[in-house]
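J.: Below is a structure I'd like to ask you about.
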6 protein chains.
Amino acid sequence: MQMVDVGAKERTARVAVASAFLRMLPATQRAIREGRIEKGDVLAAARLAGVMAAKRTPDIVPLCHPIALSGVQVEVMPARGGLRIRATVKTVERTGVEMEALTAATAAALTIYDMCKSRDRGMVLEAVQLELKSGGRSGTWSRKAGSARG
Amino acid sequence: MQMVDVGAKERTARVAVASAFLRMLPATQRAIREGRIEKGDVLAAARLAGVMAAKRTPDIVPLCHPIALSGVQVEVMPARGGLRIRATVKTVERTGVEMEALTAATAAALTIYDMCKSRDRGMVLEAVQLELKSGGRSGTWSRKAGSARG
Amino acid sequence: MQMVDVGAKERTARVAVASAFLRMLPATQRAIREGRIEKGDVLAAARLAGVMAAKRTPDIVPLCHPIALSGVQVEVMPARGGLRIRATVKTVERTGVEMEALTAATAAALTIYDMCKSRDRGMVLEAVQLELKSGGRSGTWSRKAGSARG
Amino acid sequence: MQMVDVGAKERTARVAVASAFLRMLPATQRAIREGRIEKGDVLAAARLAGVMAAKRTPDIVPLCHPIALSGVQVEVMPARGGLRIRATVKTVERTGVEMEALTAATAAALTIYDMCKSRDRGMVLEAVQLELKSGGRSGTWSRKAGSARG
Amino acid sequence: MQMVDVGAKERTARVAVASAFLRMLPATQRAIREGRIEKGDVLAAARLAGVMAAKRTPDIVPLCHPIALSGVQVEVMPARGGLRIRATVKTVERTGVEMEALTAATAAALTIYDMCKSRDRGMVLEAVQLELKSGGRSGTWSRKAGSARG
Amino acid sequence: MQMVDVGAKERTARVAVASAFLRMLPATQRAIREGRIEKGDVLAAARLAGVMAAKRTPDIVPLCHPIALSGVQVEVMPARGGLRIRATVKTVERTGVEMEALTAATAAALTIYDMCKSRDRGMVLEAVQLELKSGGRSGTWSRKAGSARG
């Protein structure tokens with residue numbers, strides 16, 4: 001069990017994008033859209049929770065390196081059957097930020113679940129996945145291309 | 001935006017069970033099973049990360065109450081196409097532990113992703129969902145039954 | 001240096017209310033009201049930051065007891081010359097929640113400062129103070145009355 | 001809601017100084033000075049709490065970047081009508097440390113309040129404010145000058 | 001890997017006492033006693049760090065339950081060859097606080113090491129151990145007696 | 001009380017190695033070796049807890065700088081009379097990682113204690129100590145040599 005040594009890697013600009021989809025009842029979607037969730041503004045809370053969780057990634061994912069993050073952006077968009085979440089994390093460090101992006105997307109989704117669960121306990125968080133990473137020795141990876149393209 | 005007041009609710013024994021499925025390449029499954037992941041013992045790390053994340057839920061999910069947890073168990077099981085995770089959280093408190101169970105399951109999955117990502121960036125975390133909750137005013141809910149049966 | 005022993009005190013319902021005032025330029029107030037702050041929705045972020053900080057109080061205030069909180073509410077209201085913040089924290093525990101209310105109000109104010117500081121570095125956080133506490137051996141205290149009234 | 005991208009900014013030496021004033025009863029000031037506060041050494045606790053809180057700023061202020069800090073100093077000085085706090089934070093990073101300095105000053109003040117509150121619940125935290133920042137693209141700002149002087 | 005379920009145990013008053021001994025050079029002891037350590041008041045910092053670490057125990061010890069603590073006291077005493085640390089933690093909960101006491105004693109010792117290490121890197125933390133626990137189903141244990149005496 | 005300013009130091013590769021020894025009953029050693037500890041895999045948990053604690057050092061040791069770590073490794077080895085722990089931490093920063101290595105070793109030991117304490121409350125954590133540090137202005141120090149050899 002080790003946090004692998006990245007000291008010999010170069011500091012380079014790195015980006016990771018992750019997405020998640022939270023499936024919910026049409027009535028729940030409507031309640032969110034119309035601002036009728038008692039706990040408050042669901043989308044604002046989800047975005048902020050995502051940003052904050054990105055910063056806590058090394059506490060949540062045991063072997064993840066603690067690094068400085070240069071930017072985090074979390075978007076939550078209405079989609080057919082639920083809400084789509086997209087998290088973008090940037091750094092200029094010796095290791096990538098895939099885990100930060102995945103953690104941000106997940107935390108945003110869990111926050112929505114929490115705020116709406118009294119209405120819809122059956123919501124399902126589907127398809128949390130990396131969409132893109134770039135920078136660093138392993139180069140660019142994108143879900144569409146499905147492979148490293150240095 | 002508020003953490004709703006649960007002071008008038010009763011302290012009762014409460015349980016929540018959440019599950020998650022992490023889809024991966026057959027080669028990744030094999031590498032985990034054969035202990036060939038360089039970062040260490042993936043299943044042990046995932047279980048421990050899940051337990052620790054359950055305790056950090058109020059830091060990750062903004063409107064979640066900070067409460068004492070009486071027990072947390074995280075299981076990771078090989079399944080067709082990937083690994084299945086199951087988290088059980090118990091408390092004797094004024095509010096439920098659904099978010100703790102979902103957070104534990106998610107953190108366990110993200111930990112596996114982190115330890116195997118250099119081989120398989122395309123892994124997808126599918127179907128994070130509540131399976132069961134019991135205790136408290138709203139009674140028992142189970143995914144199969146799909147409704148409260150107080 | 002000690003966290004005083006409260007084990008012999010009774011678990012009772014306790015409430016604390018704290019307020020803060022953040023003085024700012026009229027142009028900053030206008031920019032917030034009109035949603036022109038680049039970092040996002042200032043009031044939603046401030047409220048959420050306040051709720052989350054209440055939960056972290058024992059990490060920030062060294063001799064403060066770690067306890068379960070039953071409810072937290074943070075309001076941010078436009079006022080003459082700036083924004084007024086009001087945080088209400090509730091518990092059913094052996095010790096009061098004055099520090100949690102003060103920490104919530106302060107964190108909400110610092111969050112507003114952070115989001116607007118590129119426009120207005122001169123903002124001043126004035127008059128962070130306890131307004132009311134009730135419950136527990138020392139009874140009710142209110143700023144207006146200025147004394148315990150058991 | 002986003003943590004703005006600072007990846008293109010340069011790493012430069014940056015300093016921020018914040019101050020706070022905690023108004024209290026003359027009897028409270030005397031009790032602190034004479035070491036009669038039951039919870040322990042108030043000034044030492046306040047200074048240490050301020051340093052520790054500076055490190056936790058990204059957990060408290062949602063859109064604040066997590067960065068390495070190169071130095072933190074917190075002073076607490078007796079003043080007419082209360083205690084004056086001054087926090088100095090330094091870094092060599094892509095973003096400033098104003099929020100760290102403000103958070104340190106505030107946490108020091110809250111710690112004093114906590115240790116003395118059983119005697120003096122009416123204490124008021126007045127005038128938490130930035131005094132100076134230097135370094136970075138926006139240059140030097142000082143409260144006296146009241147403007148950037150690149 | 002599980003945090004064992006303590007939900008069926010009774011809430012009872014529990015105490016744990018742990019001790020530690022930090023061996024150091026006579027010159028280091030003298031520098032501490034005479035207040036010549038550049039980083040500040042070593043004993044005050046150690047006591048405060050111990051109290052704060054007790055609260056963080058569930059973050060540091062993975063299978064430790066998150067519980068409310070009713071009191072924490074940390075003492076640091078000059079002794080032959082170094083400093084002796086004694087941490088006492090109390091709770092009224094379903095599980096004991098041995099880990100909290102051991103963590104507090106250890107953190108206090110590490111804090112002293114940190115503040116004096118530029119003078120004396122060879123300091124050794126010896127004999128971190130439980131001295132006493134009482135309360136709960138397993139009753140009282142004391143190092144001297146060496147056995148449970150329910 | 002201050003976190004001393006290291007802004008003028010150079011970023012260089014630094015390593016620290018710390019060790020600890022946890023003395024226990026022969027029966028406890030056997031139970032660990034044979035995998036009969038009810039809470040789970042003790043050695044895996046200890047290693048992971050050590051890695052995670054290294055990342056939390058600035059939260060536990062008050063005047064310790066928050067920095068990026070480039071690698072952490074924790075080993076736990078059976079030894080005569082107990083278990084020996086060895087933690088290696090690496091960074092490329094302006095300050096050393098002795099405290100991170102000592103904290104990792106200690107947290108690993110406390111985790112073992114926690115998992116076995118129902119069988120063996122008398123375990124003693126002996127000889128937590130720095131073995132080696134290299135890098136930075138003060139150069140290399142090793143316990144054997146006992147002195148800096150720049």
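J.: Of the numbered conditions (1) of a type outside the set (A, V, I, L, M); (2) under 30 Å from F:ARG11 (Cα atoms); (3) surrounded by 24 or more Cβ atoms within 10 Å (Cβ to Cβ), A:THR111 satisfies every one except a single condition; which is it?
T.: Condition (2) is where A:THR111 drops out.
J.: Tally up the residues in the range A:133-142 that are modelled with pLDDT of 95 or more and among the charged types (D, E, K, R), please.
T.: Adding up the residues that qualify gives 1.
J.: Right, another one. Can you go through A:LEU69, A:LEU63, A:LEU102 and tell me which one is crowded, with 24+ Cβ neighbours inside 10 Å, over 11 Å from the mean Cα position of the chain (by Cα) and of a type outside the set (Val, Ile, Thr)? Steps first, please.
T.: Details: A:LEU63 fails: crowded, with 24+ Cβ neighbours inside 10 Å; A:LEU102 fails: over 11 Å from the mean Cα position of the chain (by Cα).
Exactly one of A:LEU69, A:LEU63, A:LEU102 is crowded, with 24+ Cβ neighbours inside 10 Å, over 11 Å from the mean Cα position of the chain (by Cα) and of a type outside the set (Val, Ile, Thr), namely A:LEU69.
J.: Mind listing whichever residues of the range D:77-94 are more than 18 Å from A:SER70 (Cα to Cα), among the hydrophobic types (A, V, I, L, M, F, W, C) and touching a residue at least 60 places away in the same chain (Cβ under 8 Å)?
T.: Scanning the range D:77-94 gives D:LEU83, D:ILE85, D:ALA87, D:VAL89.
For every residue, the table says whether it meets (1) farther than 21 Å from B:ASP114 by Cα; (2) touching a Cys at 6+ places or on another chain (Cβ under 6 Å); (3) of a type in the set (A, V, I, L, M).
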{"residue": "B:MET3", "(1), (2), (3)": "yes, no, yes"}
{"residue": "B:VAL15", "(1), (2), (3)": "yes, no, yes"}
{"residue": "B:SER70", "(1), (2), (3)": "yes, no, no"}
{"residue": "B:PRO78", "(1), (2), (3)": "no, no, no"}
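J.: Which of the residues belonging to the range E:124-144 are touching a Leu at 6+ places or on another chain (Cβ under 6 Å) and among the hydrophobic types (A, V, I, L, M, F, W, C)? Write out each step before concluding.
T.: Taking the range E:124-144 as the starting set, the residues that turn out to be touching a Leu at 6+ places or on another chain (Cβ under 6 Å) are E:125, E:128, E:142.
Scanning the range E:124-144 gives E:LEU125, E:VAL128.
J.: So which of C:ARG86, C:ARG80, C:ARG121 is among the charged types (D, E, K, R) and closer than 20 Å to D:MET99 by Cα? Walk me through it before giving the result.
T.: Values: C:ARG86 fails: closer than 20 Å to D:MET99 by Cα; C:ARG80 fails: closer than 20 Å to D:MET99 by Cα.
From the options C:ARG86, C:ARG80, C:ARG121, the qualifying one is C:ARG121.
J.: Now for a separate question. Kindly provide the set of residues from the range D:44-71 that are more than 23 Å from D:GLY96 (Cα to Cα) and without any contact (Cβ under 8 Å) to a residue 40 or more places away in the chain, ordered by number. Walk me through how you get there before you give the answer.
T.: Within the range D:44-71, the subset more than 23 Å from D:GLY96 (Cα to Cα) is D:44-46.
Passing the criteria: only D:ALA44.
J.: Right, here's the next one. Only one of these is over 18 Å from D:LEU130 (Cβ atoms), among the hydrophobic types (A, V, I, L, M, F, W, C) and either more than 16 Å from the chain's Cα centre (by Cα) or modelled with pLDDT of 95 or more (or both): C:LEU125, C:LEU130, C:LEU110, C:LEU83. Name it. Working first, answer last.
T.: Values: C:LEU125 fails: over 18 Å from D:LEU130 (Cβ atoms); C:LEU110 fails: over 18 Å from D:LEU130 (Cβ atoms); C:LEU83 fails: over 18 Å from D:LEU130 (Cβ atoms).
From the options C:LEU125, C:LEU130, C:LEU110, C:LEU83, the qualifying one is C:LEU130.
J.: Moving on. Looking at E:VAL124, E:VAL74, E:VAL97, which is the one that is surrounded by fewer than 22 Cβ atoms within 10 Å (Cβ to Cβ), in contact (Cβ under 8 Å) with a residue 24 or more places away in the chain and touching a strand residue (DSSP E or B) at 6+ places or on another chain (Cβ under 7 Å)? Walk me through how you get there before you give the answer.
T.: Working: E:VAL74 fails: surrounded by fewer than 22 Cβ atoms within 10 Å (Cβ to Cβ); E:VAL97 fails: surrounded by fewer than 22 Cβ atoms within 10 Å (Cβ to Cβ).
It is E:VAL124.
J.: Please go through the range A:1-33 and pick out each residue that is among the hydrophobic types (A, V, I, L, M, F, W, C), more than 26 Å from A:GLU131 (Cβ to Cβ) and modelled with pLDDT of 95 or more.
T.: Residues of the range A:1-33 that are among the hydrophobic types (A, V, I, L, M, F, W, C), as a first pass: A:1, A:3-4, A:6, A:8, A:13, A:15-18, A:20-22, A:24-25, A:27, A:31-32.
Remaining after also requiring more than 26 Å from A:GLU131 (Cβ to Cβ): A:1, A:8, A:25, A:27, A:31.
Passing the criteria: A:LEU25, A:ALA27, A:ALA31.
J.: I'm told F:ALA31 meets every condition in (1) farther than 30 Å from D:VAL92 by Cβ; (2) over 23 Å from the mean Cα position of the chain (by Cα); (3) without any contact (Cβ under 8 Å) to a residue 60 or more places away in the chain except one. Can you identify the failing condition by its number?
T.: (3)
J.: Condition check: outside any loop (DSSP other than H, G, I, E, B), among the small types (Gly, Ala, Ser) and facing another protein chain (nearest Cβ under 7 Å). Does B:ALA127 satisfy that? Walk me through it before giving the result.
T.: Numbers: outside any loop (DSSP other than H, G, I, E, B): yes; among the small types (Gly, Ala, Ser): yes; facing another protein chain (nearest Cβ under 7 Å): yes.
Criteria met by B:ALA127.
J.: Let me ask something additional. Only one of these is buried (at least 23 other Cβ atoms within 10 Å of the Cβ) and of a type in the set (A, V, I, L, M, F, W, C): C:ALA27, C:ALA31, C:ALA87, C:ALA13. Name it.
T.: Values: C:ALA27 fails: buried (at least 23 other Cβ atoms within 10 Å of the Cβ); C:ALA31 fails: buried (at least 23 other Cβ atoms within 10 Å of the Cβ); C:ALA13 fails: buried (at least 23 other Cβ atoms within 10 Å of the Cβ).
On inspection, the qualifying residue turns out to be C:ALA87.
J.: Here is a further query. Residues that are of a type in the set (S, T, N, Q) and touching a Ser or Thr at 6+ places or on another chain (Cβ under 9 Å): does the range D:59-76 have at least one? Spell out the reasoning first.
T.: Initial filter on the range D:59-76 (of a type in the set (S, T, N, Q)): D:70, D:73.
Still in the running and touching a Ser or Thr at 6+ places or on another chain (Cβ under 9 Å): D:70, D:73.
Within the range D:59-76, one or more residues are of a type in the set (S, T, N, Q) and touching a Ser or Thr at 6+ places or on another chain (Cβ under 9 Å).
The values are calculated or read from the model by the stated rules, or taken from the named source; none is laboratory data. Source: prediction; values computed, not measured. Ideal geometry is used to build each Cβ from the backbone, glycine not excepted, and the neighbour counts take in all protein chains shown.
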